[in-house]
Amino acid sequence: MQNHWFVSPVCALLLAPLLLGIVNRTKAFVAGRRGPPLLQPYWDVAKCLRRGAVYGNATSRVFRLGPVVNLASLAAGLLILPFGGIAAAASFPGDLIVLVGLFALGRFAIVLAALDTGSSFEGMGASREVHFAALAEPALLVALATLVRVTGVFSLTPVYGAITIATWAHALPTLALVAVTFLVLELVENTRIPVDDPTTHLELTMIHEVMVLDHSGPDLAYIQYAAALKMWMLGSLFVGLVVPVRSGNPWLDGGAALLGMAVLAVAVGMVESAMARYRLVQVPQFIVGAATLSAVAFIVFLV
Amino acid sequence: MLSLALLFLGGLIAIVFRRRVGLAQSFGQIGAISGSALGLFAAIRVLIDGGVQQVSAAWPMPGGGLHLQVDALSAFFLLPVFGLSVVTGVYGRSYLAGRGEGSAATWFHLNLLTAAMALVITAHDGLLFLLAWEIMALSPFFLVIFDDRTASVRHAAWTYLAATHLGTVFLLVLFVLVGGLAGTSDFSGYAAVLRDNPALSSAVFLLAVAGFGSKAGIVPAHVWLPEAHPVAPSHASALMSGAMIKVGIYGLLRILTLLGPPPTWWGWLLIAIGASTGVVGILYAVAQHDLKRLLAYSSVENIGIILLGIGVGLLGLAEGTVTLAVIGFAAGLLHVLNHAMFKGLLFLGAGAVQHAAHSLELDRLGGLLKRMPWTGAAFLIGAAAIVGLPPLNGFVGEYLLFYAGFFGLVQAPVNVGVAGLIVLVAMGLISGLAAACFAKAFGIVFLGTARSREAEEAHESPGPMRWAVAILALLCVAIGAAAPLAVSALAGVVATATGLPPAGVRASLASVANPLGAAVVVFAVMVVVAALVWALRAWRLRRMGIRRAPVWGCGFQQPTSRMQYTASSFAQPLTTQFRLFVRNREILIPPSGYFPAASSYASDSGDPFLRLLFAPSFRWFSRVISRMNVVQPGHIHVYVLYLAATLVALLIWASL
């Protein structure tokens, strides 16, 4: 498995925007529309890269650095993220802490960029983002902690390598609850319904979109691409757990994981079609509820 | 060598006594910098050589001895004390310029504080320790009361004095108790009585947690920090927050080295105190409107993180899990050093803001990054470091603690596993809230547009103040980049603090230093990617051009800077969610009618512990005490009578 380290980052870098395409296509299908082409997110990124930028009068260098730092931190995270049973490029004890730290760094950069505009709307989005993130971070840690307790190692690649069908049989309720937590985090962290609506057009109700209102040109391209990457990364934490195909054959394992990602994207699309958004005050309950599920899972495994 | 440094410091302090001389500033500064630099080198040499330096001298007073000792633990805690003292020495002169004769007194007390802290850390004798402790506790009072014409400042100073003496009471009991049993006031004698006496050890442990904890600022004894830090001169706040509260941690660790083997519940107690102190501290920090109050509450949070590390370490010792013990202690110790760097930096930065914009009220600042690029950039590094973001030093300390949490998870004993989970959840919540807090602090103060005329006319601070923050910012980056080295270097200190064999400690630290090396490589890749992405962006924009325009205002064309999101609105969702703990008082007069006239909103983030716990109990106390006034009529002849009566009573007692 050692020599397949490039699989996870390459797949993520190439296929992440496709995930968004599948989500949008699913939503359109359920609503009876034809929908945008599957590759539309790629065209969006490419188009933004070709444009110049417009900057707000108040902005400083922090505004320009935000999208760059965000993208770089997520890209570095790809080095330690396994893809299903395929090992990551780097694996060391405690690499999950590094992953959580990189997520936090990217978010901090985007939040500061939003505050740099001096716009009230973006301040509002930044405030909501840090609020939900402060709750989502413990939720992610509890979920990872439970997996660590189940597998007995604390590095992402061995943890995911150890999740086999036998592990599922051994700790079914625990792993199922953790999977639910990951799914909720996938929705929370990636501006999906029922937490945030990526297609909304009312600034007062947005979270992530309102933070990036004033970004344009290459900066916006970076933000869109980084958003796709983040969705891919959190998604692969979920898929690696629920698709326990660990044959040792990279084609089989990778193929299963890719299929899992596609199914996840369809599922997210279905959730978006079937649910309405929560009111903002209910979102914290949603996240804390997800964290509680994993805490319960942990206790279930202990007794 | 060490006493030389101390004497040097002490001698130069005396020079500062020459108040009225205009040279007082220079002498104070030279004394602080040279004395501390010398002390710093001495401490580093002890750390590198790994030996123990001792100085003993005759002591003219009864019941104690002048016995100083510097082992690795002392030397380690001397680093933040002397290091910050050097930096604040560089900073202080420009900061105090134009403050008149008060500045000489400030220098005197600042240097006295440094010397007293060094003495506390090196003292190897109970009486000497208490004496130095009292000097260390008193000199900040005079720093806090710097601006003594304002009522709120005097109030803050009294709060500090009351809080610090409440803590000292516990220490007095501790040292009298142990000293009485041991028959000596020398620490070596203490260890002899305590080693084999679990009950006494536990009692001493509790007294130490209460006494040293109140100095360090554990909840609910934290109330003096947010009162005292904002009103002291900023470099004094930096020294108090970066170094003085750590002396409380030192005291706790020193006592721990004297005690017998820890039972499990010691670890649990510290984990509980650490977690609650951390979460409560950062929640209050999020709610603050005043930059230095916010920083003071964040110090409370960081003390919580340090105690969490020590608690995990104690649990590891009690359970016999050496690696857990080593990593827990290492996390706590490294965070002591890191916090001194970034909190010192942030307080000095806040001082620069106050110097430039004449306000610390978050909602009167804004847009300062463009006017103060150096201070702003350093403040950003400090903010990112304190949040624990990679690749800075804050991340390294928190990595160790998270690592300890995960390491605990995979251990067989259920209680260690649960402790690991608690550490992870508490640290996750703390770091998430810290991100919110410092996004707010940096974002509202330095980004956006100015919210007041003073902020608009702000200017970059003078050279030495910039250098001071730049040095600390560089240190934050350097420790982050050299993370594995920094962690391995802790071996001697951790071995002294835990009493474990050095070889085992080194092996355990290597088990976490090696992964950190890999993490540093990941961060290096990140920096390279960022550079590439930045270059791509610059290349595209050179071809396509940049335009400037007003930000999107939803169609509104005349936005003013006062329409920006404010500090309170930024924090409102969090304070509302955690209203159980954060009791913001809000006064709202909503607009009403078709043509609304005046409407207003005010919120006040007072400390419920001060309001609901301490204020009532102190009122009760003062009612009781005031009854005693009867015996104090204020006539000298009555007091003379008391003296005579006491003498007679003593004589009778002696003759019995």
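When we screen B:138, B:181, B:177 for residues that are within 25 Å of residue B:243 (Cβ to Cβ), assigned to a helix (DSSP H, G or I) and aliphatic (A, V, I, L, M), the only hit is B:138. In this structure, residue B:467 qualifies as more than 26 Å from residue A:91 (Cβ to Cβ) and within 29 Å of the chain's Cα centre (by Cα).
Within the range B:401-419, the set of residues being without any contact (Cβ under 8 Å) to a residue 40 or more places away in the chain and buried (at least 24 other Cβ atoms within 10 Å of the Cβ) comprises B:402, B:406, B:409. Residue B:221 satisfies every condition listed in (1) surrounded by fewer than 24 Cβ atoms within 10 Å (Cβ to Cβ); (2) touching a Ser or Thr at 6+ places or on another chain (Cβ under 8 Å); (3) assigned by TED's automatic domain parsing to the domain that holds residue B:512 except (3). The set of residues in the range B:369-420 that are within 22 Å of residue A:73 (Cβ to Cβ) and not in a helix (DSSP H, G or I) comprises B:388, B:389, B:390, B:391, B:392.
Evaluation of residue B:366 against the conditions (1) in a loop (DSSP other than H, G, I, E, B); (2) closer than 22 Å to residue B:303 by Cα shows that the sole unmet condition is (2). Specify the residue that is farthest from the chain's Cα centre (by Cα); the eligible residues are those in the range A:261-284 that are crowded, with 16+ Cβ neighbours inside 10 Å and of a type in the set (D, E, K, R). Looking at residues that are crowded, with 16+ Cβ neighbours inside 10 Å and of a type in the set (D, E, K, R), I get A:277. Here residue B:251 does not fit the description of being in a loop (DSSP other than H, G, I, E, B) and of a type in the set (Gly, Ala, Ser). Among the residues of the range A:1-18, those identified as in contact (Cβ under 8 Å) with a residue 24 or more places away in the chain, within 16 Å of residue A:254 (Cα to Cα) and in a helix (DSSP H, G or I) are A:2, A:4, A:7, A:8, A:9, A:11, A:12, A:13, A:15, A:16.
Annotation: of all residues in the range B:421-438 being facing chain A (nearest Cβ under 7 Å) and touching a residue at least 40 places away in the same chain (Cβ under 8 Å), the one that is surrounded by the fewest Cβ atoms within 10 Å (Cβ to Cβ) is B:429.
Checking residue B:450 against (1) in a helix (DSSP H, G or I); (2) closer than 28 Å to residue A:70 by Cα, which single condition isn't satisfied? Every condition holds for residue B:450 apart from (1). Regarding residue A:134, is this residue free of Cβ contacts under 8 Å to residues at least 40 places away in the same chain and assigned to a helix (DSSP H, G or I)? Against the criterion (free of Cβ contacts under 8 Å to residues at least 40 places away in the same chain and assigned to a helix (DSSP H, G or I)), residue A:134 qualifies. Tell me whether the range B:484-494 contains one or more residues that are within 24 Å of residue B:250 (Cβ to Cβ) and either within 14 Å of another protein chain (Cβ to nearest Cβ) or acidic (Asp, Glu) (or both). Yes, because at least one residue in the range B:484-494 is within 24 Å of residue B:250 (Cβ to Cβ) and either within 14 Å of another protein chain (Cβ to nearest Cβ) or acidic (Asp, Glu) (or both).
Every test in (1) outside any helix (DSSP H, G or I); (2) more than 7 Å from chain A (Cβ to nearest Cβ); (3) of a type outside the set (Phe, Trp, Tyr) is passed by residue B:547 save one, and that test is (2).
Give the range A:236-252 a look and list any residue that's buried (at least 23 other Cβ atoms within 10 Å of the Cβ) and out of contact with any Pro (no Cβ under 9 Å at 6 or more places or on another chain), or say none.
A:237, A:238, A:239, A:241 - these are the residues of the range A:236-252 that are buried (at least 23 other Cβ atoms within 10 Å of the Cβ) and out of contact with any Pro (no Cβ under 9 Å at 6 or more places or on another chain).
Counting only helices (runs of 4 or more DSSP H) that sit completely within the range A:33-131, those holding 1 or more residues that are within 7 Å of chain B (Cβ to nearest Cβ) and surrounded by 22 or more Cβ atoms within 10 Å (Cβ to Cβ) correspond to A:61-77, A:95-116. Residues in the range B:609-640 that are surrounded by 13 or more Cβ atoms within 10 Å (Cβ to Cβ) and in contact with a helix residue (DSSP H, G or I) (Cβ under 9 Å, 6 or more places away or on another chain): B:609, B:610, B:614, B:618.
The single condition among (1) in contact (Cβ under 8 Å) with a residue 60 or more places away in the chain; (2) surrounded by fewer than 14 Cβ atoms within 10 Å (Cβ to Cβ) that residue B:528 does not satisfy is (1).
Considering only residues that are within 20 Å of residue B:509 (Cβ to Cβ) and either facing chain A (nearest Cβ under 9 Å) or in contact with a Phe, Trp or Tyr (Cβ under 9 Å, 6 or more places away or on another chain) (or both), which ones fall in the range B:402-415? Break it down stepwise before answering.
Taking the range B:402-415 and keeping what is within 20 Å of residue B:509 (Cβ to Cβ), we get B:402-411.
Answer for the range B:402-415, where residues must be within 20 Å of residue B:509 (Cβ to Cβ) and either facing chain A (nearest Cβ under 9 Å) or in contact with a Phe, Trp or Tyr (Cβ under 9 Å, 6 or more places away or on another chain) (or both): B:402, B:403, B:405, B:406, B:407, B:409, B:410.
On the stretch given as the range B:352-363, residues that are crowded, with 21+ Cβ neighbours inside 10 Å and either modelled with pLDDT of 95 or more or not in a helix (DSSP H, G or I) (or both) total 1.
The values are calculated or read from the model by the stated rules, or taken from the named source; none is laboratory data. It should be emphasised that the depicted structure is a prediction, and the values quoted were computed from it without experimental measurement. Note that each Cβ is placed from the backbone with ideal geometry, even for glycine, and that neighbours are counted across all protein chains shown.
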